[in-house]
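J.: Could you have a look at this structure, given as structure tokens, before my questions?
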Amino acid sequence: MVRINPFIAVLRGEEPERIPIWFMRQAGRYLPEYHKMRQGRSIQEMCSDPSLINEVTKQPVNILGVDAAIIFSDIMVPLEAMGFEITFREGVGPVVSNSIKEKPDMTGITPFHEKNLKYPIRESITRFRENNPGVPLIGFTGGPITLLSYATKGSADRDLEITKNVMYTREGTYLEALDMISEMIVSYAKLQISAGVDAIQIFDSWAGSLSPYVFEKYVDRSLRIVLESLKDTGTPIIYFGTGLSGLLDQITKLNFDVLSMDWRVRLSKVRSMTRGKFILQGNLDPRVAATPNYLQETKNILEDIGEDPNFIFNLGHGVIPITPPENLRSIVNYVHSFR
Ligand code: CP3
């Protein structure tokens, strides 16, 4: 019998031979092997070279033994194709110089077209597929509120302070930008799907800063457009955010396949609050993953989820740079031998 990869098995609704695991932001700065390749290159340069992308994407599969790769890129890449001017500041992250806060009329911002994409995302996915048969590949996009918050404030707006202000003082601008970003998410996801990814994760990292009312009024419409437009592709869609526990009634009305939660809630509680609708992914605290207590906390999560086969182990947010790779490797081994 051919053994099917556990990540793929769970996405198909089949019983996996072991619990699948991968880590958000698994390609990156906690790995000495990544630093080596990054030396003398900007993140934009890294994202421009399909052979580097291939190697960096594969590193965590080889080094940690995770069950899936995530294509190396950044959520800001397609915003650049819409005319947002982006630089990556060392130690800070992406900065947008022509943000909506600075330029509320959005001159120079256009709908997304693949032809304006500076980065070889299609080629990189195709190449990874060819070089790594049997390794599941996850594509991704930022989520509507997270991308909109970068476009609005011009830098990380974790509690959405500036974004909420624009939402209510310039509703027209907000809705226009939200619709353009929703269309971009659809096109950008379709591009990756047609190139061969096995799933799409939507990183809506800051969505949990919204009240359920605001989420329902402003974000729900965007997510519905995205889900409806991607339905025919049959590709599993993973939704991730931090602080989503208070939005579960709203999220349960949406037809994602997988819901990726942060560490602030027990997954068994999420399971009952979402009435078993989703495959669950999560939810080890990345700060704990970087401490000596990482296996105890891994065990807590696994015992809480029990025999539930609709589960993919992950962190509750991205790997932080101080994490010893050794910790992640032993988490993988522990999860793989748990059942
Ligand atoms: O392994 C992977 O997950 C693949 C690649 C990936 C990157 N960014 C590469 C990257 C993914 C999935 C992302 C998503 C991303 N980018 C998010 C959503 C997830 C999250 O962490 O909340 C956000 C908000 C961003 C925006 C961003 N890009 C920030 C805040 C930063 C700087 C700080 C940081 O967290 O690394 C980046 C730069 C960036 N994107 C790096 C990497 C590997 C750092 C690169 C470097 O300095 O070499």
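J.: Using a 1.4 Å probe over the heavy atoms of the protein chains, calculate the carbon and sulfur portion of the accessible area of the chain as a whole percent.
T.: Answer for the chain: carbon and sulfur cover 48 percent of the accessible area.
J.: With the cut-off at 18 Å, tell me which of the pairs Lys217/Lys253; Lys190/Lys217; Lys231/Lys253; Lys58/Lys299; Lys231/Lys269; Lys58/Lys231 have Cα atoms farther apart than that.
T.: Lys190/Lys217; Lys58/Lys299; Lys231/Lys269; Lys58/Lys231, as the Cα separations exceed 18 Å there.
J.: Still on this structure: So if I take the centroid of the Cα atoms in segment 179-223 and the same for segment 252-278, what is the distance between those two points in Å?
T.: The distance from the Cα centre of segment 179-223 to that of segment 252-278 comes to 17 Å.
J.: OK, next. List every residue whose amide H lies under 5 Å from the amide H of Leu284, counting only residues 5 or more places away in sequence or on a different chain, with H placed 1.01 Å from N in the peptide plane.
T.: Placed amide hydrogens put Asn314, Leu315, Gly316 under 5 Å from Leu284.
J.: Then there is this: Just to confirm the number: angle between the C-alpha axis of helix 50-64 and the first principal axis of the chain, 0 to 90 degrees, nearest 10?
T.: Rounded to the nearest ten degrees, it is 40.
J.: Residues of segment 175-197 with backbone nitrogen within less than 16 Å of a virtual label 7 Å along the Cα-to-Cβ line of Arg122, please, listed as ranges.
T.: Counting only backbone N, you get 186-197.
J.: Under a plain spin-label model, where a point goes 7 Å from the Cα along Cα-to-Cβ, how far apart in nm are Arg339 and Ser51?
T.: 4.1 nm
J.: Classify segment 198-285 from the C-alpha gyration tensor, please: rounded if a/c falls under 1.5, else prolate or oblate depending on whether a/b exceeds b/c.
T.: Oblate.
J.: To test your reading of the geometry: what angle, between 0 and 90 degrees and rounded to tens, separates the Cα axis of helix 144-153 from the longest principal axis of the chain?
T.: 50 degrees
J.: Going Cα to Cα from Lys101, which aspartates and glutamates come in below 17 Å? Please leave out same-chain ones fewer than 8 positions away.
T.: Reachable aspartates and glutamates: Glu80, Glu85, Asp157, Asp159, Glu161, Glu171, Glu176.
J.: Then there's this: Cα axis of helix 171-195 to longest principal axis of the chain: angle in degrees, 0 to 90, nearest 10?
T.: 40 degrees
J.: Work out from phi, with θ = phi - 60° and the Karplus expression 6.51 cos²θ - 1.76 cosθ + 1.60, the ³J(HN,Hα) of each residue of segment 249-263, listed in order in whole Hz, and give x for Gly and Pro.
T.: Here the 3J(HN,Hα) series is 4, 5, 5, 5, 7, 9, 9, 6, 8, 10, 10, 9, 9, 7, 8 Hz.
J.: Each label point is 7 Å from the Cα along the Cα-to-Cβ direction; what then is the distance between the points at Lys253 and Glu326, in nm?
T.: Taking the simple label geometry, Lys253 and Glu326 are separated by 5.0 nm.
J.: Also: May I ask you to list the residues of segment 136-159 whose amide nitrogen lies under 12 Å from a point 7 Å from Cα along the Cα→beta-carbon direction of Asn62?
T.: The answer is none.
The values are calculated or read from the model by the stated rules, or taken from the named source; none is laboratory data. Computed from a predicted model, the values in this text were never measured in an experiment. All Cβ positions, even for glycine, are placed from backbone atoms using ideal geometry, and neighbour counts span all protein chains on display. Side chains included, ligands, DNA and RNA excluded: accessible areas come from the protein's heavy atoms. Shrake-Rupley method; radii C 1.70, N 1.55, O 1.52, S 1.80 Å.
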